[in-house]
Amino acid sequence: MKAVPSALLLFWVLALSACERPGTSASTPLSLIPPLGLPAVPLPPDNPLIQARIELGRTLFMDRRLSHNNTLSCGMCHVPEQGFTSNELGTAIGLEGQSIRRNSPTMYNVAYVEQLFHDGREFGLENQAWGPLLAGNEMANPSIGYVLEKIKVLPEYAGRFEKAFDGRGPDVLTVGQALASYQRTLVSANSRFDRWHYSKEQTALSAEEQAGFRLFSGKAGCSGCHVVGDKHALLTDNRFHNTGIGYAHSMGLPKTHRVQLAPGKFVEIKDNALDSFERPLPDVGRYEVTLDPEDTWAYRTPGLRNVALTAPYMHDGSIATLEEVVEFYDRGGIDNPQKDPLLKPLGLSPAEKKALAVFLGSLTGDNVQKLVAEARAAQPADTPPEKDPASTYRRSY
C-alpha cells in the first residue's frame, strides 16, 4: 500500500476534528500529525489546539483594525503570499510609515521556535503576540486595555471568544492564545528534500541538489547551525550567532540600501543618503536581552524551511537573494571581535556555490498554497468602530 503524504495526513486530522460528529465539537482539542521532516508540534498545556481558537486567531491576524489607526494587520508585515514575511521590504514599515529596524521573520514553523524575535527576547507565542500590538513603531496601540475594548465593540467578534474559551471573553490571555493557536498551524514541510532524505525517494532531488546537500552538511558547514537530525530537521540550532552584519551596521561600514519607489520598482542607494530622512536605528542584537558582551550583534539562527520564499535575508533584510547569502558565508562573514568562530572563508567554487543555492530551493513545503488560501479566506471587515474605545469606555464593575 502506498504511503499517504504526511502533509495530507495533517490536513485530514485538522479537517476531521473540526467536523460535527458524535463526541466532538469546535471546542474539542485537535491532534496534529506533523508533516514528514518535522517533529511533534510543541503545545502548551494551558492552550490546547482547538478549531474555534485557530479560526479566531486567523481573523485577528488578518484584521487591520487591531492597529491604533485601523490600517495595519499582522498579515501586512507577514504577508501570506510572500512566505509570511515581506519580500519587498528589508525591514518592515509600521504605523504611518515608521521604519522598523529588523526584517519580518517568517511565520512558517514558528511553533518550533524556542525564543522569539531575532534577539530571542520573548519565550512563548501567547506573549509574543502583544509585542507588535503595543510597539510604538508597529501597530502602536496605547495599551492592552485599548486593544481589548476595540475587539469587544467589533461585531465580527461577538460571541467568538466565548465559544473558543468556554465562556471567557477577550482579555490579555485569550487574545494571545487565539493568535498563538493560529500561528501554530502554519506548519510546513514534506518538501522534496524531506522525501529524498527521510523517505529515500532518490528522484525527489536532482543531482545538483544532492551535491548541494553534501556541501551543506560537509564542506560548507551549514548544518553546524542549521541542524539536520536523523528523524527530522528544524534546520536551526535555536541559538544565536554573530555573523558580522550587525557589527557592520553599528560601525557605519559602507552599505547600500534597497529603497522601494513604487510597486515593483527599487533603487540601491548608500545608507548615508537617507540620514536626513531617517537615521538608522541602533541595534546590538541579543546583548539588548542578556546584557552579556559576548552576545553583542548576535541574532537567532533562522530555520531554512521555505527559505526560497522568504527573501530578503538576515536580521536586517540586507541580503536580497540566496545566491548572495551563499557568497556572504563563502567569504566567512564580516570580521569583528565577537564573530562566531564557526564562520570562516569556505573557498567554494562557482559550481559549488550554485549547487548550494539550488539545494536550498528544495526545502519548500508542499502545503504553502493551502496555508496562503486559508489566511486570505479569513477576510475580516475593515469598518472601524463608530467611536474610539478610549471615548466610550466605562468600568463595568
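The values are calculated or read from the model by the stated rules, or taken from the named source; none is laboratory data. Quantities reported herein were computed from a predicted structural model and do not represent experimental measurements. Every residue, glycine among them, receives a Cβ derived from its backbone with ideal geometry; neighbour counts consider all protein chains shown. Heads up: the accessible areas ignore ligands, DNA and RNA and are worked out on the full protein's heavy atoms, side chains in. Shrake-Rupley method; radii C 1.70, N 1.55, O 1.52, S 1.80 Å.
Inspect the range 142-157 for any residue being surrounded by fewer than 18 Cβ atoms within 10 Å (Cβ to Cβ), among the β-branched types (Val, Ile, Thr) and in contact (Cβ under 8 Å) with a residue 60 or more places away in the chain and give the result as yes or no.
yes
Confirm whether residue 114 is open to solvent by 40 Å² or more (accessible area, probe 1.4 Å), touching a Pro at 6+ places or on another chain (Cβ under 9 Å) and not in a strand (DSSP E or B).
Judged against the criteria, residue 114 is a match.
Since residue 355 meets every condition but one in (1) among the small types (Gly, Ala, Ser); (2) closer than 30 Å to residue 282 by Cα; (3) out of contact with any Pro (no Cβ under 7 Å at 6 or more places or on another chain), which condition does it not meet?
Going through the list (1) among the small types (Gly, Ala, Ser); (2) closer than 30 Å to residue 282 by Cα; (3) out of contact with any Pro (no Cβ under 7 Å at 6 or more places or on another chain), residue 355 breaks only (2).
Which residue, of 211, 233, 220, is assigned to a loop (DSSP other than H, G, I, E, B) and more than 24 Å from the chain's Cα centre (by Cα)?
The unique qualifying residue is 220.
Being among the β-branched types (Val, Ile, Thr), open to solvent by less than 20 Å² (accessible area, probe 1.4 Å) and either more than 28 Å from residue 39 (Cβ to Cβ) or not in a loop (DSSP other than H, G, I, E, B) (or both), is that true of even one residue in the range 165-184?
yes
Based on this model, can you work out whether residue 392 counts as among the hydroxyl-bearing types (Ser, Thr, Tyr) and closer than 22 Å to residue 242 by Cβ?
no
Residue by residue through the range 385-397, note down the ones that are hydroxyl-bearing (Ser, Thr, Tyr), modelled with pLDDT of 85 or more and open to solvent by 80 Å² or more (accessible area, probe 1.4 Å).
Listed by number, the residues that qualify are 393, 397.
Name the one entry in 365, 361, 333 that is under 30 Å from residue 248 (Cα atoms) and under 22 Å from the mean Cα position of the chain (by Cα).
Result: 361 is the single residue among 365, 361, 333 that is under 30 Å from residue 248 (Cα atoms) and under 22 Å from the mean Cα position of the chain (by Cα).
Condition check: in a loop (DSSP other than H, G, I, E, B) and either exposed (fewer than 13 other Cβ atoms within 10 Å of the Cβ) or more than 23 Å from the chain's Cα centre (by Cα) (or both). Does residue 205 satisfy that?
The answer is yes for residue 205.
Looking only at the range 11-67, how many residues end up being touching a helix residue (DSSP H, G or I) at 6+ places or on another chain (Cβ under 7 Å), farther than 29 Å from residue 363 by Cα, part of a loop (DSSP other than H, G, I, E, B) and modelled with pLDDT of 90 or more?
2
Taking the condition of being open to solvent by 20 Å² or more (accessible area, probe 1.4 Å) and of a type in the set (Gly, Ala, Ser), how many residues in the range 312-321 meet it?
Matching residues across the range 312-321 total 2.
Out of the range 344-384, which residues are modelled with pLDDT of 95 or more and assigned to a loop (DSSP other than H, G, I, E, B)?
If the condition is that a residue be modelled with pLDDT of 95 or more and assigned to a loop (DSSP other than H, G, I, E, B), then 344, 345, 346, 347, 348, 349, 364, 365, 366, 367 are the ones that fit.
Would you confirm whether or not the range 345-360 contains a residue that is surrounded by 18 or more Cβ atoms within 10 Å (Cβ to Cβ), within 30 Å of residue 294 (Cα to Cα) and touching a strand residue (DSSP E or B) at 6+ places or on another chain (Cβ under 8 Å)?
no
Within the range 87-104, which residues are within 21 Å of residue 141 (Cβ to Cβ), within 17 Å of the chain's Cα centre (by Cα) and in a loop (DSSP other than H, G, I, E, B)?
Of everything in the range 87-104, those that are within 21 Å of residue 141 (Cβ to Cβ), within 17 Å of the chain's Cα centre (by Cα) and in a loop (DSSP other than H, G, I, E, B) turn out to be 91, 92, 94, 100, 101, 102, 104.
Yes/no per residue for (1) open to solvent by 20 Å² or more (accessible area, probe 1.4 Å); (2) on the phi < 0 side of the Ramachandran plot:
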{"site": "70", "(1), (2)": "yes, no"}
{"site": "85", "(1), (2)": "no, yes"}
{"site": "104", "(1), (2)": "no, yes"}
{"site": "107", "(1), (2)": "no, yes"}
{"site": "128", "(1), (2)": "yes, yes"}
{"site": "134", "(1), (2)": "yes, yes"}
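Any residue in the range 350-375 that's acidic (Asp, Glu): show its pairings with residues that are part of a helix (DSSP H, G or I) at Cβ separation under 6 Å, as long as the two are six or more apart or on different chains.
352/215; 366/7
Just to be sure before I move on: is residue 263 over 26 Å from residue 284 (Cβ atoms) and at pLDDT below 75 in the structure I sent?
yes
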